[in-house]
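The values are calculated or read from the model by the stated rules, or taken from the named source; none is laboratory data. This one's a predicted model, so the numbers in the text were calculated from it and none came from an experiment. Please note: Cβ atoms are built from the backbone with ideal geometry, for glycine as well, and neighbour counts cover all protein chains shown.
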Ligand code: P6P
């Protein structure tokens, strides 16, 4: 049965009506994100045609070469959000320090941490990339937010989500009342509700990780991966490996098809003792969303990543996330090892 035709604006408004005291500020912020997503989607989808592929030349805070689209997405997000009057401060993967709003910007009560174009090293190969965002309420006293407003534990998020720029552009987000997916209809320029109340399958048949780093992983993670590859039809093994190397794409498939995504700590690699993914704008928002979809998300010690109190904007955290039963098997291996 066709779900009723509902735009993201209508959906956000209907959700807001459930909260009679809502001012509409949060709704407007979500709408601004959807507009920014359309602008970035338009640019990403024509990237190969405009000669804007290729290396921008600068390096971001992690020493990674900035792709032109990375820079475009970063500036677009800031430009589309800073004058809406809903934000007090922002943090971006592409900026070493927090981003204070323009002097003439109206200030609001929310804070956004975002990865403007995750997976961007794949852009030239036309692989799906994505934007990831995490929203908190401002806690500091002053009207202009501070870095402390960005460094809140993930359990205090009021919303998180991603936009995936793939065969179609989708915006998937949660505000703590389930996970909902909207597909962009380019013919009308609207995000339409296509995946209401997404629930991740209890168990999957895919595992998703970069096995090249297997030698660097702890013993329990190595044993878990070996377990998934053993032949045992009673437990639907061996699993299949699906790894795109673009977190939003790997997570989107895991959310819809089930299975488990892992970016463990590379314990033997001094460059990545806490893995590669960043807590504020990758691990926290994705963990919140996976948990809201009925899945499980843990860090390398089996703890809830949403409990971690961040100490720096770009700190990294291992993440193991996906179908509840698959992550529970991982946790059993972790407990058996300790
Ligand atoms: P590796 C992309 O560069 C990214 O930040 C994530 O999107 C992705 O999950 C990960 O890095 C891939 O890292 O080490 O497998 O290349």
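List of remarks:
- Any hit, segment 267-287, residues being at pLDDT 95 or above and more than 28 Å from residue 123 (Cβ to Cβ): no
- Meets criteria (at positive phi, touching a strand residue (DSSP E or B) at 6+ places or on another chain (Cβ under 9 Å) and without any contact (Cβ under 8 Å) to a residue 60 or more places away in the chain) for residue 322: no
- The condition (being crowded, with 16+ Cβ neighbours inside 10 Å, within 14 Å of the ligand (Cβ to nearest atom) and under 22 Å from residue 166 (Cβ atoms)) is satisfied by just one residue among 265, 293, 249: 249.
- Filter result (touching a strand residue (DSSP E or B) at 6+ places or on another chain (Cβ under 6 Å) and not in a strand (DSSP E or B)) within segment 216-240: 228, 230, 239
- Some residue of segment 40-60 being assigned to a strand (DSSP E or B) and either under 22 Å from residue 278 (Cα atoms) or at pLDDT 90 or above (or both): yes
- Residue pairs meeting the criteria (Cβ under 7 Å; at least 6 apart or on separate chains; first not assigned by TED's automatic domain parsing to the domain that holds residue 236, in segment 259-282; second within 9 Å of the ligand (Cβ to nearest atom)): none
- Within segment 101-110, not a single residue is within 18 Å of residue 314 (Cα to Cα) and at pLDDT 90 or above.
- Selection within segment 112-153 - assigned to a loop (DSSP other than H, G, I, E, B), more than 11 Å from the ligand (Cβ to nearest atom) and either in contact (Cβ under 8 Å) with a residue 40 or more places away in the chain or in contact with a helix residue (DSSP H, G or I) (Cβ under 7 Å, 6 or more places away or on another chain) (or both): 126, 138, 139, 140, 143, 144, 145, 146, 151, 152, 153
- Given (1) outside the structural domain of residue 324 (by TED's automatic domain parsing); (2) part of a loop (DSSP other than H, G, I, E, B); (3) at pLDDT 95 or above, number of the condition residue 188 does not satisfy: (3)
- Put simply, of 213, 243, 281 the only residue that is within 14 Å of the ligand (Cβ to nearest atom), outside any helix (DSSP H, G or I) and buried (at least 16 other Cβ atoms within 10 Å of the Cβ) is 243.
- Selection over segment 140-156 of residues that are surrounded by fewer than 20 Cβ atoms within 10 Å (Cβ to Cβ) and under 13 Å from residue 98 (Cα atoms) gives a count of 4.
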